[in-house]
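The values are calculated or read from the model by the stated rules, or taken from the named source; none is laboratory data. It should be emphasised that the depicted structure is a prediction, and the values quoted were computed from it without experimental measurement. Cβ: placed from backbone, ideal geometry, glycine included. Neighbour counts: every protein chain shown. Accessible surface is based on the protein model in full, side chains and every heavy atom, while ligands, DNA and RNA are left aside. Shrake-Rupley method; radii C 1.70, N 1.55, O 1.52, S 1.80 Å.
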Amino acid sequence: MTGLEARTTFDHRTDDYHTFRPGYPGAMFARLETDTHLRPNARILEIGPGTGQATRDLLDRGTAVTAVELGSKLAQRLETELGDRRLTVINDTFEKVPLKPESFDLATCATAFHWIDPRVAVPKIAEALTPNGALAVWWNVYQDPERHHEFHADVGRLLRAFDAATPRTGTGSLPFALQTDDRIADLSTGGHFTNINATTYRWVLKLNADTVRGLFNTFSHVSTMASPQRERFLDKLGEMVENNYQGHLALPSITRLYIAQR
């Protein structure tokens, strides 16, 4: 499966994506208000909005958002949910979308920047930003290296039993989003951005057997399983939560934010 094909898997799970993917900490948006142009009437470029997990928070601050979403069903759901506000949805791959130079004050990408090539995306974003604009990318990570939870080892064993594809975590032992030096290097591509900094927000994701099934069904390495295998895996996952965790999970989680100034 190519990278582009993997990116389209989310479009087949639109309802679960909308229902079970969590949003992002309010403190993170407060930081964006302080350190970027996230303020009323700002022009925001959002890359990979999904069904609006971050878009709603951006619009709530009185901004005008242009959201580029690859998945046609995701884009349609986004318009259905938020289309009566100052939102323009473009259903296309980000790499193909023409953008006018200096037309945005802030570019954002929530839990999606790993799907695009920074060598292509970074210079394109920089050109589309005003001279004092900023790029903010962030990810939700449903684990915390400083707060161990046995659930992740249990899931790893279950995934290996089903011979699932390895999740995209990059090189090394840390999740992709937490490989700070590599992510700063990505945003530094071509020298278009400076003053790149990373901030971590810690929180707890609460799940039960049903919601853990729904959330995992939105992950690409699960979504791409053959249908009977995927259903068996999700059933086993739900059973594991019921049997090992009395039906309730409180997963230590992280949102990692990177801000880069043009």
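Descriptive notes on the structure:
- Boolean, LYS96 is free of Cβ contacts under 8 Å to residues at least 40 places away in the same chain, under 28 Å from ARG39 (Cβ atoms) and surrounded by fewer than 21 Cβ atoms within 10 Å (Cβ to Cβ): no
- If only residues of region 105-115 that are part of a strand (DSSP E or B) and under 10 Å from the mean Cα position of the chain (by Cα) are counted, the one that is surrounded by the most Cβ atoms within 10 Å (Cβ to Cβ) is ALA110.
- The residues on offer are ASP84, ASP117, and the sole one that is charged (D, E, K, R), over 19 Å from LEU32 (Cβ atoms) and at pLDDT below 95 is ASP84.
- A single entry from ARG119, ARG147 fulfils the requirement of being in a loop (DSSP other than H, G, I, E, B), touching a residue at least 60 places away in the same chain (Cβ under 8 Å) and exposed (fewer than 14 other Cβ atoms within 10 Å of the Cβ): ARG147.
- ARG31 meets the conditions (1) modelled with pLDDT of 95 or more; (2) open to solvent by 60 Å² or more (accessible area, probe 1.4 Å); (3) in contact with a helix residue (DSSP H, G or I) (Cβ under 7 Å, 6 or more places away or on another chain); (4) within 25 Å of SER103 (Cβ to Cβ) in every case but one. The failed one is (3).
- Selection status of ASP163, of a type outside the set (Phe, Trp, Tyr), assigned to a helix (DSSP H, G or I) and more than 30 Å from ASN132 (Cβ to Cβ): no
- Checking each residue in region 6-28 for being of a type in the set (D, E, K, R), modelled with pLDDT under 95 and open to solvent by 30 Å² or more (accessible area, probe 1.4 Å) picks out ARG7, ARG13, ASP15, ASP16.
- The residues in region 34-60 that are in contact (Cβ under 8 Å) with a residue 40 or more places away in the chain, of a type in the set (Ser, Thr, Tyr) and open to solvent by 10 Å² or more (accessible area, probe 1.4 Å) can be counted, and the count is 0.
- Note on region 62-88: residues that are touching a residue at least 24 places away in the same chain (Cβ under 8 Å), crowded, with 22+ Cβ neighbours inside 10 Å and among the hydrophobic types (A, V, I, L, M, F, W, C) amount to 5.
- Elements of type helices (runs of 4 or more DSSP H) in region 189-255, at least 2 residues being among the aromatic types (Phe, Trp, Tyr) and either open to solvent by less than 60 Å² (accessible area, probe 1.4 Å) or out of contact with any Gly (no Cβ under 9 Å at 6 or more places or on another chain) (or both): 227-245
- In this structure, GLU102 qualifies as assigned to a loop (DSSP other than H, G, I, E, B) and in contact (Cβ under 8 Å) with a residue 12 or more places away in the chain.
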